[in-house]
Amino acid sequence: MADGDEGRREHPLARYLRPGTLPSSFCPGCGCGTVLNCLLRAVDRQKLDPAGIIMVTGIGCSSWIPSPMFRCDTLHTTHGRAVAFATGVKLMMPEKRVLIIAGDGDLAGIGGNHLVHAAHRNIDLGVMMVNNRIYGMTGGQCSPTTPSDLYTTTTPYGNLDQPVTASELMVSAGANYVARWTTFHVRQLSKAMEELMDGEGFRFLEIVSQCPTHFDKEEKRTAAEILDNYRDGSIPVAQVKEPYDGQAGSKLPVGVLADRKRHGYIRRLEAVEQKIREASP
Ligand code: SF4
Ligand code: MG
């Protein structure tokens, strides 16, 4: 405690942060701080020992949420390879909770193949995809989730492509748990993080989050205006009539998209190992 700080109370979640990591490197108004806050509250409510958690990240602004800030074992890996690293960690240390935080560019773009097949194999990982719909850290390039026609630094005449709807993709790939919330829905988001950490198989949480520095520079919305937009522009998944297309004008379905109870990869692998032992002379 510094001189003059006598009598100041420490924030109850500060014990989960590595010393010296505040203030964070996030821009003012960035959603990454909200995601960190929701994560620490979820860990605290679940009374989890951080020593039992391994966080794996890719490259990008959201990957700085756990690494270096969260005081647990972290692997800050190469771009697009967080799921591949995490798969190896989980297979070697199945008793650990292995969680990933990375962005839309990292997970759905560069690492898209790893993401789809980890979901299809139902590998026991908890993946939080912070979807700001651009590559934020590198200056606001178009990502797989960027809405059509949006101007970015790499689409100066508007994005030609259709956006990937990552949560719907994870449902069809076979993930046990899939949910989507925004940084406006902080209570639901933190609760979904608990559900992500507390189950078997591949568990995916899409967090639609604001990058007020680089997203939609033509409109130049403040963080508060973007959060208003998340509030007014979202709809519970149960009320959705048409398939979600990921476009800017369409209502964003929020809530739990899938909650299946199928056996995860580790349990299936252990069953095979048991068969091999029984068959061995
Ligand atoms: Fe957040 Fe965007 Fe700044 Fe990255 S560039 S810290 S995503 S506001
Ligand atoms: Mg991004």
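The values are calculated or read from the model by the stated rules, or taken from the named source; none is laboratory data. Note that the structure is a prediction, hence the values are computed from the model and not measured. Here Cβ is always computed from backbone atoms with ideal geometry, including for glycine, and neighbour counts include all displayed protein chains. For the accessible areas, the whole protein counts, side chains as well, though only heavy atoms, and no ligand, DNA or RNA atoms are used. Shrake-Rupley method; radii C 1.70, N 1.55, O 1.52, S 1.80 Å.
Just the residues that are more than 16 Å from ligand 1 (Cβ to nearest atom) and either surrounded by fewer than 21 Cβ atoms within 10 Å (Cβ to Cβ) or at pLDDT below 95 (or both), please, taken from the stretch 20-41.
Of the residues in the stretch 20-41, the ones more than 16 Å from ligand 1 (Cβ to nearest atom) are 20, 40-41.
Of everything in the stretch 20-41, those that are more than 16 Å from ligand 1 (Cβ to nearest atom) and either surrounded by fewer than 21 Cβ atoms within 10 Å (Cβ to Cβ) or at pLDDT below 95 (or both) turn out to be Gly20, Arg41.
Restricting the search to the stretch 108-144, which residues are within 14 Å of the chain's Cα centre (by Cα) and assigned to a strand (DSSP E or B)?
If the condition is that a residue be within 14 Å of the chain's Cα centre (by Cα) and assigned to a strand (DSSP E or B), then Gly126, Val127, Met128, Met129, Val130, Asn131 are the ones that fit.
Okay, residues lined up against (1) free of Cβ contacts under 8 Å to residues at least 60 places away in the same chain; (2) in a loop (DSSP other than H, G, I, E, B); (3) among the hydrophobic types (A, V, I, L, M, F, W, C):
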{"position": "Lys220", "(1), (2), (3)": "yes, yes, no"}
{"position": "Asn229", "(1), (2), (3)": "yes, no, no"}
{"position": "Pro243", "(1), (2), (3)": "no, yes, no"}
{"position": "Gly246", "(1), (2), (3)": "no, yes, no"}
{"position": "Leu257", "(1), (2), (3)": "no, no, yes"}
{"position": "Arg262", "(1), (2), (3)": "no, yes, no"}
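Please verify whether Lys251 is at pLDDT 95 or above, open to solvent by 20 Å² or more (accessible area, probe 1.4 Å), of a type in the set (Lys, Arg) and in contact with a Ser or Thr (Cβ under 8 Å, 6 or more places away or on another chain), treating the condition exactly as stated. Don't jump to the end; show me each part of the working.
Details: at pLDDT 95 or above: yes; open to solvent by 20 Å² or more (accessible area, probe 1.4 Å): yes; of a type in the set (Lys, Arg): yes; in contact with a Ser or Thr (Cβ under 8 Å, 6 or more places away or on another chain): yes.
Answer is yes for this residue.
When the stretch 86-124 is examined, which residues are found to be touching a strand residue (DSSP E or B) at 6+ places or on another chain (Cβ under 9 Å) and closer than 15 Å to Asp73 by Cβ?
Within the stretch 86-124, Ala86, Val89, Lys90, Met93, Lys96, Arg97, Val98, Leu99, Ile100, Ile101 qualify.
Looking only at the stretch 216-229, decide whether some residue is farther than 19 Å from Ala166 by Cα, among the hydroxyl-bearing types (Ser, Thr, Tyr) and more than 19 Å from the chain's Cα centre (by Cα). Quick ask: steps written out before the conclusion?
At the first step, the residues of the stretch 216-229 found to be farther than 19 Å from Ala166 by Cα are 216-229.
Those left that are additionally among the hydroxyl-bearing types (Ser, Thr, Tyr): 222.
Filter once more, keeping what is more than 19 Å from the chain's Cα centre (by Cα): 222.
The answer is yes, given that some residue of the stretch 216-229 is farther than 19 Å from Ala166 by Cα, among the hydroxyl-bearing types (Ser, Thr, Tyr) and more than 19 Å from the chain's Cα centre (by Cα).
Sort out which residues of the stretch 156-204 are hydroxyl-bearing (Ser, Thr, Tyr) and surrounded by fewer than 17 Cβ atoms within 10 Å (Cβ to Cβ), and write them in order of number.
Within the stretch 156-204, the subset hydroxyl-bearing (Ser, Thr, Tyr) is 157, 165, 167, 172, 177, 182-183, 190.
Tyr157, Ser172 - these are the residues of the stretch 156-204 that are hydroxyl-bearing (Ser, Thr, Tyr) and surrounded by fewer than 17 Cβ atoms within 10 Å (Cβ to Cβ).
May I ask you to verify whether Ala51 is open to solvent by 10 Å² or more (accessible area, probe 1.4 Å), modelled with pLDDT of 95 or more and in a helix (DSSP H, G or I)?
Details: open to solvent by 10 Å² or more (accessible area, probe 1.4 Å): yes; modelled with pLDDT of 95 or more: yes; in a helix (DSSP H, G or I): yes.
In short, yes.
Which of the residues belonging to the stretch 109-135 are open to solvent by less than 20 Å² (accessible area, probe 1.4 Å) and either at pLDDT below 95 or away from ligand 1 (no atom under 14 Å from the Cβ) (or both)?
Applying the first criterion (open to solvent by less than 20 Å² (accessible area, probe 1.4 Å)) to the stretch 109-135 yields 111-112, 115, 118-119, 122-123, 125-131, 134.
Listed by number, the residues that qualify are Gly111, Gly112, Leu115, Ala118, Ala119, Asn122, Ile123, Leu125, Gly126, Val127, Met128.
Would you pick out the residues in the stretch 42-83 that are closer than 13 Å to Leu17 by Cα, within 16 Å of ligand 1 (Cβ to nearest atom) and free of Cβ contacts under 8 Å to residues at least 40 places away in the same chain?
Those that are closer than 13 Å to Leu17 by Cα, within 16 Å of ligand 1 (Cβ to nearest atom) and free of Cβ contacts under 8 Å to residues at least 40 places away in the same chain: Pro66, Ser67.
Only one of these is over 21 Å from Ala223 (Cα atoms), in a strand (DSSP E or B) and either open to solvent by 60 Å² or more (accessible area, probe 1.4 Å) or at pLDDT 95 or above (or both): Thr78, Thr74. Name it. Don't jump to the end; show me each part of the working.
Working: Thr78 fails: in a strand (DSSP E or B).
The conditions single out Thr74.
Just for the stretch 95-132: of the residues that are within 21 Å of Asn37 (Cα to Cα) and charged (D, E, K, R), which one is nearest to ligand 2 (Cβ to nearest atom)?
Ranking the qualifying residues of the stretch 95-132, first place goes to Asp104.
Return the residue satisfying two criteria in turn: it lies in the stretch 205-251 and is hydrophobic (A, V, I, L, M, F, W, C) and more than 16 Å from ligand 2 (Cβ to nearest atom), and of such residues it is nearest to His114 (Cα to Cα). Explain how you work it out, then say what you get.
Start the filter on the stretch 205-251 by keeping residues that are hydrophobic (A, V, I, L, M, F, W, C), which leaves 205, 207-208, 211, 215, 223-224, 226-227, 235, 237-238, 240, 248.
When the remaining residues are screened for being more than 16 Å from ligand 2 (Cβ to nearest atom), the result is 224, 227, 235, 237-238, 240.
Details: Ala224: 34, Leu227: 31, Ile235: 29, Val237: 26, Ala238: 29, Val240: 29 Å.
Per the criteria, the residue is Val237.
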